[in-house]
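The values are calculated or read from the model by the stated rules, or taken from the named source; none is laboratory data. All figures in this text were calculated on a predicted structure; none of them were measured in a lab. Cβ placement follows ideal geometry from the backbone for every residue including glycine, while neighbour counts extend to all protein chains displayed.
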Amino acid sequence: MQTEQLPVVTTPALLVKALSDSGLSQAENDALFNAFLPHYATAITLMSESETVVVTDPTQVTEIRQSSELRKKLKATRVAADKLRVDMKEDSLRRAKSIQNVYNALAEKIEAEEERLMQQEKIAERMEAARKAKLSAERADALRPYTDPTHYALGDMTQAAFDDLLSGAKTAHENRIAAEKKAAEERAAAEQARREEEARVRAENERLRREAAEREAAAKAERERFEAEQREAARKAREEREAAEAAARAEREKLEAEARRQREEAEAQTRAEREAAEAKARKEREAQEKRHKAELARKDKIAKGGERLLEAVNTLAVTADVRDTHVKVSRLDWDKLIAIANELAE
């Protein structure tokens, strides 16, 4: 992509603005303007061209190459301008240092003479200051035992004022000493009273402690006596309870034994009655069975006797029929019939 070459700007507004508040003379401003103008013009021309190059995609190879070339040209312009800055600044620093050295040589000479002349000019003031300093030191030494002298302008005081100050300081000091002595005595008296009170309190505390110990010992003895009585009462109660429990247990065991005996007797009686009933029932059953068997035997005997009687009757019938025909019946047949009938009757 080819870009249109722009004309070089001969009066860059940015350069003019930078020099407007420099505070330099017009000749010095012109020198700076002419020295940096080529670099300003080149930079403006290159940036006018670079602003038309816009890359939005990695495939814009031509624009990317133009961006690289323009960036390198701008960098070269900036480096050249910086070298000019360094060179001109070094010249300015050397010039400023030379100016300062020339001034210092003159100023040192003049200042020394100014100081000497000022000391002569203020000799009265210096002598007065020396007098006041000496007087202040002397008065401070006199005042220091009684108060801090740094709080007062001692050199400016009249003698009468200082005398009053010194007298007042002495009086205040003596009063303070007396007050401190009195306070010390009062503190000593208070300390003595405190020690005596502490001794009295310790003695009282000891008495109270001893009485408390005695009361505690008496209370302990009373507790132990009471506890012993309680233990003895508990022991007696336990023994009485155990005796009562043993008596109750013996009575309960006696009652239980009696109840068990009565229960066993009742069970034995019941068992005997049951066994007697069972024996009676068994005998009755056996007797019934015997009677039943006898009845069966009797019925069998009757049945058999009936058959025999029937046979005998039949025989007698036949015999009777024969008798009717004048046939004699044997005496033996009648006796047999009579025997069978007697047997059935039993």
Those residues of the stretch 51-89 which are assigned to a loop (DSSP other than H, G, I, E, B), surrounded by 13 or more Cβ atoms within 10 Å (Cβ to Cβ) and free of Cβ contacts under 8 Å to residues at least 24 places away in the same chain amount to Val55, Gln60
Of the candidates Thr325, Thr270, Thr319, the one satisfying the condition of being of a type in the set (S, T, N, Q), modelled with pLDDT under 65 and surrounded by 10 or more Cβ atoms within 10 Å (Cβ to Cβ) is Thr319
Just checking, which of Arg210, Arg202, Arg195 is of a type outside the set (Asp, Glu), more than 49 Å from the chain's Cα centre (by Cα), modelled with pLDDT of 90 or more and assigned to a helix (DSSP H, G or I)?
-> Arg195
Only one of Asn101, Asn34 that is polar (S, T, N, Q) and over 25 Å from Ala13 (Cβ atoms) = Asn101
From the option list Arg95, Arg65, single residue qualifying as modelled with pLDDT of 85 or more, within 30 Å of Tyr40 (Cβ to Cβ) and either touching a Cys at 6+ places or on another chain (Cβ under 6 Å) or among the charged types (D, E, K, R) (or both) is Arg65
